[in-house]
Amino acid sequence: MTYVSFPQSKPLDFVAIGRLCIDLNANEINRPMEETMTFTKYVGGSPANITIGMARLGMKTAFIGKIANDQMGRFIADYLERNNIETTNVVTDNTGAVTGLAFTEIKSPTECSILMYRDNVADLLLTPAEVQESLIAESKVLLISGTALAQSPSREAVFQALDYAKKHGVVIIFDLDYRPYTWKTSEETAVYYNLAAEKCDIILGTREEFDMMERFENNPEKNDQITAAKWFDYSAKIVIIKHGKEGSIAYTPDGIGHRAKSFPAKVVKTFGAGDSYAAGFIYGIMQGWTIEKSMEYGSAAACIVISSHSCSDAMPTTDQVNDYIERCNRGEITAS
Ligand SMILES: Nc1ncnc2c1ncn2[C@@H]1O[C@H](COP(=O)(O)OP(=O)(O)O)[C@@H](O)[C@H]1O
Ligand SMILES: O=C(O)C[C@@H](O)[C@H](O)C(=O)COP(=O)(O)O
């Protein structure tokens with residue numbers, strides 16, 4: 001059963017809009033931040049990570065975003081180009097804005113947190129006029145990410161991108177990517193998330209992210225089926241609700257809750273799971289695979305990233321994902 005059809009005639013597979021940032025991941029793992037002294041720098045930002053994941057899997061990708069006019073901005077642009085991600089719509093800020101930083105704390109494989117430095121960041125200054133309609137028109141998929149809705153003008157730039165995608169028959173995917181510190185009030189957050197979600201074909205988020213959106217709804221038991229059903233009255237064809245290592249469930253308008261097997265992992269840190277899962281799942285669904293097989297692929301990609309030190313740099317190729325699945329099936333990988 002095919003739930004989403006991708007416009008095959010379009011030359012570009014995937015374009016994402018949103019933040020391009022820097023992750024500074026603790027080198028001294030299993031320690032609190034207070035005792036962490038050194039970090040390794042990687043490109044970060046959830047939509048950037050997903051795009052890098054798609055590129056590693058062999059998809060033709062592009063990015064729409066704004067970078068700071070400094071060494072960090074140039075590091076990001078260079079990394080995207082080296083990963084074959086088209087950067088014609090990566091705009092350079094000229095107001096002195098800076099690159100967002102995410103310092104990660106790896107206290108234990110299950111206790112990780114992120115300290116974000118996001119004052120006056122370039123990514124939230126992308127304007128609607130800077131979004132290239134022609135780039136979106138030639139892509140099969142547009143991915144939006146919730147954090148870009150937190151402030152103007154980036155918020156309007158995302159809605160502009162959504163309009164272009166609708167106009168040109170592009171499949172729209174929403175990774176909720178809710179980061180509380182970029183928002184001012186919970187009402188404002190829920191309003192804009194709901195407005196954007198109404199326009200999307202595939203919605204992916206954790207149970208907690210959907211809870212945030214449901215502040216105006218009546219779902220006291222946090223029932224996944226009720227959460228998903230609302231979006232089928234709008235544009236959604238697949239709603240995925242993620243539950244960490246318990247796996248995820250993909251709901252479709254026919255009332256089915258699709259589940260896939262998850263894999264064991266030798267976990268180094270938990271962050272990056274969602275981004276790699278998204279890349280693996282979207283890749284699978286774009287190949288015409290079943291929802292279950294696509295979810296399984298996303299789960300294996302997530303295991304590879306959480307067993308590694310970085311998010312972006314650890315995004316796997318198809319050979320790496322296939323190899324991981326085979327090794328799990330042979331019982332060669334066990335959970336940490
Ligand atoms: N500890 C784990 N072991 C194996 N797979 C995991 C683990 N944590 C996450 N995953 C996989 O990654 C997917 C996304 O993880 P999740 O933590 O829900 O997302 P996010 O990083 O967005 O919070 C899960 O559905 C699961 O397949
Ligand atoms: O999104 C960010 O700005 C930080 C990411 O680069 C970071 O590595 C991360 O938190 C990944 O998020 P997840 O995949 O949702 O766990």
Which members of region 215-241 meet the condition of being within 16 Å of residue 193 (Cβ to Cβ) and either charged (D, E, K, R) or in contact (Cβ under 8 Å) with a residue 60 or more places away in the chain (or both)?
215, 217, 230, 235
Only one of 163, 177, 119 is out of contact with any helix residue (DSSP H, G or I) (no Cβ under 6 Å at 6 or more places or on another chain) and closer than 26 Å to residue 281 by Cα, namely 163
Unmet requirement for residue 128, which otherwise passes all of (1) surrounded by fewer than 23 Cβ atoms within 10 Å (Cβ to Cβ); (2) in contact (Cβ under 8 Å) with a residue 12 or more places away in the chain; (3) under 30 Å from residue 307 (Cβ atoms):
(3)
Total residues in region 255-286, condition on the phi < 0 side of the Ramachandran plot and within 16 Å of ligand 2 (Cβ to nearest atom)
18
If a residue must be surrounded by fewer than 22 Cβ atoms within 10 Å (Cβ to Cβ), more than 25 Å from residue 60 (Cα to Cα) and either modelled with pLDDT of 95 or more or more than 16 Å from ligand 1 (Cβ to nearest atom) (or both), how many such residues does region 1-40 contain?
14
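Which members of region 287-336 meet the condition of being among the hydroxyl-bearing types (Ser, Thr, Tyr), within 12 Å of residue 265 (Cβ to Cβ) and assigned to a loop (DSSP other than H, G, I, E, B)?
Listed by number, the residues that qualify are 307, 308, 334, 336.
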Residues being of a type in the set (Lys, Arg), farther than 17 Å from residue 173 by Cα and near ligand 1 (Cβ under 9 Å from one of its atoms) - total across region 214-273:
1
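Might you check whether a residue that is of a type in the set (D, E, K, R), surrounded by fewer than 19 Cβ atoms within 10 Å (Cβ to Cβ), touching a strand residue (DSSP E or B) at 6+ places or on another chain (Cβ under 7 Å) and not in a helix (DSSP H, G or I) occurs anywhere in region 48-62? If you could, list the steps in order and put the result at the bottom.
Here is the first cut: in region 48-62, the residues of a type in the set (D, E, K, R) are 56, 60.
Add one more test, that the residue is surrounded by fewer than 19 Cβ atoms within 10 Å (Cβ to Cβ), and what stays is 60.
Filter once more, so that each one left must be touching a strand residue (DSSP E or B) at 6+ places or on another chain (Cβ under 7 Å): 60.
From what's left, not in a helix (DSSP H, G or I): 60.
Within region 48-62 (the criterion being of a type in the set (D, E, K, R), surrounded by fewer than 19 Cβ atoms within 10 Å (Cβ to Cβ), touching a strand residue (DSSP E or B) at 6+ places or on another chain (Cβ under 7 Å) and not in a helix (DSSP H, G or I)), the answer is yes, since at least one residue qualifies.
The values are calculated or read from the model by the stated rules, or taken from the named source; none is laboratory data. Everything numeric in this text was worked out from a predicted model, so none of it was measured. As a convention, Cβ positions derive from the backbone with ideal geometry for all residues, glycine included, and neighbour counts pool all protein chains shown.
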